[in-house]
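Asker: I'd like to ask you about the structure that follows.
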Amino acid sequence: MAILGNVLFFIFLIICLIVLFFGLPGTFMILGAAVLYGFLTGFAKITGSMLLLMLLFTIIGEVAEYIFGVIGAKRYGSSTKGIVFSIVGGFFGAILGAPLFFGLGAIIGALCGAFIGAVLVELYTYGLEEWKQALRSGWGNFLGRMAGMFFKIGIAIGMIVWIAVTVI
């Protein structure tokens, strides 16, 4: 029964990694799963200090994802509205792209949605004559979101590997 529990636990951790591509807080879900595992096993393998470090990594991942997105957007001249609609576009793009390419379309959808969201709001705000700046803004949002997403995915993979090494 313990083996089945561990298998289900690791399947859930992989699902937590996948939801990151949809803009959802997968690192918090990984942390929550680790807390539950620790609680159910009397914190024998997953300890309180490990959970505190994972909380720190989770917060770093969330903050870094946001900061990378803003830096990329601002560096390419995006407005605050462009940044907000980039996030919204990325979320909806991930949902729309999810059924494609065995779920990998979510990544493409999130990145394209970020680009499209930023471009459309910049065109709406500043007019069609500013189409070059709108495209530049969209590109900056795309790059920033991509950098932030991959940074956070790296943290999530590190958390999962740490849990696996500790539990197995």
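None of the figures in this text is laboratory data; all of them are computed from the coordinates on show. This is a predicted model, so every value here is computed, not measured. Glycine also receives a Cβ, built like all others from the backbone with ideal geometry; neighbour counts cover every protein chain displayed.
Asker: Please report, in debye to the nearest 20, how large the charge dipole of region 38-134 is about its Cα centre when each Lys and Arg carries +1 at its beta carbon and each Asp and Glu carries -1 there.
Answerer: 200
Asker: Separate question: How about region 20-64: which chymotrypsin sites (Phe, Trp or Tyr not before Pro) there are in a DSSP loop, with at most 16 other Cβ atoms within 10 Å of their Cβ?
Answerer: PHE43
Asker: Count charges around GLY23 for me, please; just the other residues with Cβ under 14 Å from its Cβ, Lys/Arg as +1, Asp/Glu as -1.
Answerer: Here the count lands on 0.
Asker: Also: Just to confirm a number: summing +1 for Lys and Arg and -1 for Asp and Glu over residues other than GLU130 whose beta-carbon lies under 11 angstrom from that of GLU130, what do you get?
Answerer: 0
Asker: Between ALA64 and ILE95, with labels modelled 7 Å along Cα→Cβ, what's the label distance in nm to one decimal, could you check?
Answerer: Result for the modelled spin labels: 2.9 nm.
Asker: Moving to a separate point now. State which helices in the chain qualify, where a helix is a whole DSSP H run, it must extend 27 Å or more along its own axis by its Cα atoms, and its mean Kyte-Doolittle hydropathy must be at least 1.0.
Answerer: Flagged H segments are 48-75, 105-126.
Asker: Which net charge results when you count Lys and Arg as +1 and Asp and Glu as -1 among the other residues whose beta-carbon is under 10 Å from that of GLY144?
Answerer: +2
Asker: Based on the Kirkwood radius over alpha-carbon pairs, what value in µm²/s does the Stokes-Einstein equation return for the translational diffusion coefficient of region 30-79 at 37 °C and 0.692 mPa s?
Answerer: Result for D is 260 µm²/s.
Asker: Counting only C-alpha contacts under 8 Å and six or more residues apart, can you give the relative contact order of the chain as a whole percent?
Answerer: So the answer I get is 28 percent.
Asker: Here is a follow-up. Of the peptides 107-119, 4-16, 85-97, how do they stack up when ordered by the mean number of other Cβ atoms within 10 Å, highest first?
Answerer: The most tightly packed comes first, giving 107-119, 85-97, 4-16.
Asker: Then there's this: Here are several values of Rg and Dmax of the Cα atoms in Å: [x] 18.5, 65; [y] 15.6, 54; [z] 15.1, 49. Which one was derived from the coordinates shown?
Answerer: Answer label, from the structure shown: [x].
Asker: Turning to a different aspect of this structure: Per residue of the chain, what 222 nm ellipticity follows from adding -39500 (n - 2.57) for every DSSP H run with n ≥ 4, rounded to the nearest 500?
Answerer: Result for the chain: -29000 deg cm²/dmol, rounded to the nearest 500.
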